[in-house]
Amino acid sequence: MYHVSATGLTILIIYLISYAFCKTGIYTLQFHRKLWNTLLALVFIITAGAGIFLALQITYKWNIPQIKEFLKWHVETGIAMAFTGIFHFAWHLPYYFKKSANPELFEKIKEATKVLKQENYFNAGINLFIIGFVSSSAQFLLLREMLNISGGYELIAGIYLGIWLISSAAGSFLAGKSGTSDPGRLNLLFAITLLLTPAVLVLFSNLILVPGETPSVLKSLFFIIAVLSPFCIVSGFIFVKITNIALTQSGTKPGRSFASETTGGIIAGIIVSILIAGGTGTYKLYFLIALLYSAFVLLAFLIQSKAHKLIYKLTFAAVIVFIVATEPDVIFRQALMKGLNITENRDTPYGNLAIGEYNGERSIFYNQRLLFYTNDVIEREEDIHYAMLQHKNPQKVMLLSGSLLPHLHEILKYPVKELLFVERDPVLAQIQIPDSLKDKVSISNADAYSFIKKSDWTGDIIIMLIPPPSTLLLNRYYTQEFIQQIHNKLDKGGVFICSTGPGDNYLNDESLRLNSSVFNTLSSVFKNVVIVPGNKTYIAASDNELSLDFCALAEQKKIKNLYVNSDYLEDDIMERRSAEIMNQIDRSEKLNTSSFPLAYNYFQQYHLSRTAGEKIPVIILLTALFALPGIAAARKNITMYLSAAALAGFEIIALLTLQFTAGNMYQMTGLVLSGLMAGLAVGSARDYKLLQKISFRYRALVLAGFYLLTGLFYSYLAAVSVKFIAVSLIILLSFVPSFITGSIFRWLSSDSANEVSNVYTSDLTGSALGFMIVTVFAIPFLGIASTVIFLGILVFAGFLFGAITNKQ
């Protein structure tokens, strides 16, 4: 299927955004034309090249397995070329008809913003603080929503943060080339893009993605670029412009402006975390912030009459009260999940819970993925009985996460005396179980990793329904350290079961590496491990012998099932399928550990392999987006570029370390991020006497030394068992490098308005590179401790090529 309407609509929206940027002065008409002429040339080259290749293949009968992919790209880029050509033709209509161009779209706005001279009342510091607050709030809320939509794994999070920073860097770069300096006009454009972004998110979600499915990396990449780019470009643009206004009008140092904006971001992180923890919906909170900012822009820059101001205040107050009293999140969730009648939507500190009906059947979605539906017989029976049938007399059972209600009925088919359900999200745990069954189960709202580590519970069966190791967070539950803790909780003859993903009939190389690593990790702890092929790929482990004769065991124990019985399954086929997979397991594959999260790495490779034709385009696009901007960075800003990359990577490591030492603590995550941003704000705010004694080159050297020492002593930090001490150390260790990096930003931006754009661009592009290189490459291949040392080497490289080369 080819996406004619989706591609055409996407090109149209991008063109309109580009045209708006042109007319508002973010870039010139000449640049706008260059951009679209380049795009036209690019899609022409791809279309023509693929067409010639297809013609040669047909003529000479070449046997090329990927020929369908070439055909797909030939047609898709051809559609894009057709629509781009239409816009190109439209530009030149005046040439044929000799008519003057249409008047500028934003002329009225331009005139309105000139009613008063802005320097009479404009406060750049307050404006930057508000911009930082609004931008960071939008970043947190959109990240939460887009991770829910796109799958939530680190690669997507890295792409999101990278696109955010790269787009902001593009805006700051354009700001250095633009002559626009009207703060009212800039703030108005920022407010417009802020209000329109949720609508763009819903539009492109329906155009590009399929509700309930985890999209491919390429689709996620296009989706994130389309949604974030307009807002982030304006965000980077307005920061540099307001900073330059502050410098030229009042002599405010760029570092101090950066500190004001960062302080707004810190406050935003704290407030958003508190309100989300209190159950405020994502879209409700987003629109409340957007409306308050829009009211500020109109009242501060555009509306001068006291009577008109009163009218607008009352209007905004009424709209805000309406949003607070209603549930806009249900409306947006319904728009994102077409075909499903959403009856309830709840946002919790841990995710989004949506309840809906499809053809009269009740379904529960968690983070926009189907958790369970009423008649999900196959999965619920396999999840429970492949473990429970292995034990002679299961009396104490632990269920780690997943859906409780459908599995509870299966567990109660056995003589179970004690059932413990561990689920970190209390809303998800309580909503699944009716009052009549609450006396049958004990619920612990704790992070499973911390609970297993500290609880004194012991029992017969542990069934882990936590998703496969698609993220570094989920990978914790498949590490040797966690499996050893699981083993310690099981009584003699106890059984543990987990799943590594869907039960594919054919396991490719990436899937085999994933299953081999998890299988070997379990085998290093348990005496017997067996793979159970079903609707999912299950791996069962015990110190006792394990059986695959589930049909015989069900009959022997008189367990009446609808699916796991001899009517649908055959034991000999189950044993044969298991043996086929077991024979392919690579027993030499390395174990999955906290320091070397191999299962996470292999799962990412497996996810990419499911859309093999997109692998090369993804690599090319990611390289172009995150690596190439570093080449364009000025040599004197290389230190800023690599220091920002190291700090972004260290941020990922700090959050990951928090999960290992203190558990999945979302409130503490906000504190760690606030500590890091506070370091940036304090470091860039002013020249401290102590720092004045340390030259720029030695600051970079001190920063490199900090990362090297932290990497060498990382094992001691990871071993800290006291939660308060662990969190305090992580916050302190996050503050130190961010403080030094902030001081480097202040030094490089100095007093020149022209330098602000270049330094800020290097800062953002470097951070984008750091997020990607650490999450995708460094941690999986080097391990965490070596990655921290690698960050020190990055900063040292910046010291050599930046500070020393330029004799700063």
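The simple Förster model, with R0 at 30 Å and r as the Cβ-Cβ distance, assigns Q584 and I619 a FRET efficiency of 0.65.
Under 14 Å from the Cβ of T741, count the other residues' Cβ atoms, weight Lys and Arg +1, Asp and Glu -1, and hand me the total.
In short, 0.
Here the relative contact order of segment 321-462, from alpha carbon pairs under 8 Å that lie six or more residues apart, stands at 17 percent. Listed cross-link partners K417/K558; K453/K492; K453/K527; K413/K489 are compared with a 25 Å cut-off, the Cα-Cα value being larger for no pair. Heavy-atom accessible area for M640, with the other protein chains in place and a 1.4 Å probe, reaches approximately 0 Å².
When restricted to Cα atoms, segment 347-470 yields an Rg and a Dmax of 14.4, 45 Å, respectively. Taking a ≥ b ≥ c as the square roots of the eigenvalues of the alpha carbon gyration tensor, segment 547-613 is prolate, as a/c is not under 1.5 and a/b beats b/c. Counting every alpha-carbon pair across segment 506-546, the share separated by more than 16 Å comes to 36%. Solvent exposure of S523, expressed as accessible area, is near 50 Å², computed with a probe of 1.4 Å over the protein chains only.
The accessible area of E361, taken with all protein chains in place and a 1.4 Å probe, comes to roughly 50 Å². Distance between the modelled labels on K34 and L314, one decimal in nanometres: 5.1 nm (7 Å Cα→Cβ projection). Geometric descriptor of segment 473-591, per residue, is 120 Å³ (volume of the convex hull of the Cα atoms).
Please label the shape of segment 363-435 as rounded, prolate or oblate, based on the square roots a ≥ b ≥ c of the eigenvalues of the alpha-carbon gyration tensor (a/c under 1.5 means rounded; beyond that, a/b larger than b/c means prolate, else oblate). Cα axes put segment 363-435 in the prolate bin. Compactness of segment 271-316 is given as radius of gyration and Dmax, 13.6, 40 Å, from Cα positions.
Of the residues Y568, Y312, ranked by 1.4 Å probe accessible area with the largest first, the sequence reads Y568, Y312.
Residue ranking by accessible heavy-atom surface, 1.4 Å probe, largest first, among E580, E357 comes out as E580, E357.
Rank these by accessible area, largest first, 1.4 Å probe: Y506, Y386, Y350.
Working: Y506 165, Y386 0, Y350 50 Å².
Sorted descending by solvent-accessible area, the residues read Y506, Y350, Y386.
Computed on segment 229-372, with alpha-carbon pairs under 8 angstrom and 6+ residues apart, the relative contact order is 16 percent. Separation of the alpha carbons by more than 31 angstrom is noted, of K440/K590; K396/K723; K34/K615; K34/K309; K392/K438; K396/K536, for K440/K590; K34/K309. Placing one identical point scatterer on every Cα of segment 183-329 and ignoring solvent, what is log10 I(q)/I(0) from the Debye formula at q = 0.10, 0.15, 0.21 Å⁻¹? For segment 183-329, the Cα-only Debye profile gives -0.47, -1.02, -1.40.
The values are calculated or read from the model by the stated rules, or taken from the named source; none is laboratory data. On a predicted model such as this, the values are computed, not experimentally measured, just so you know. Cβ coordinates were reconstructed from backbone atoms using ideal geometry, including for glycine residues, and neighbour counts include every protein chain displayed. When the accessible area is computed, the model is the full protein with side chains, heavy atoms only, and any ligands, DNA or RNA have been set aside. Shrake-Rupley method; radii C 1.70, N 1.55, O 1.52, S 1.80 Å.
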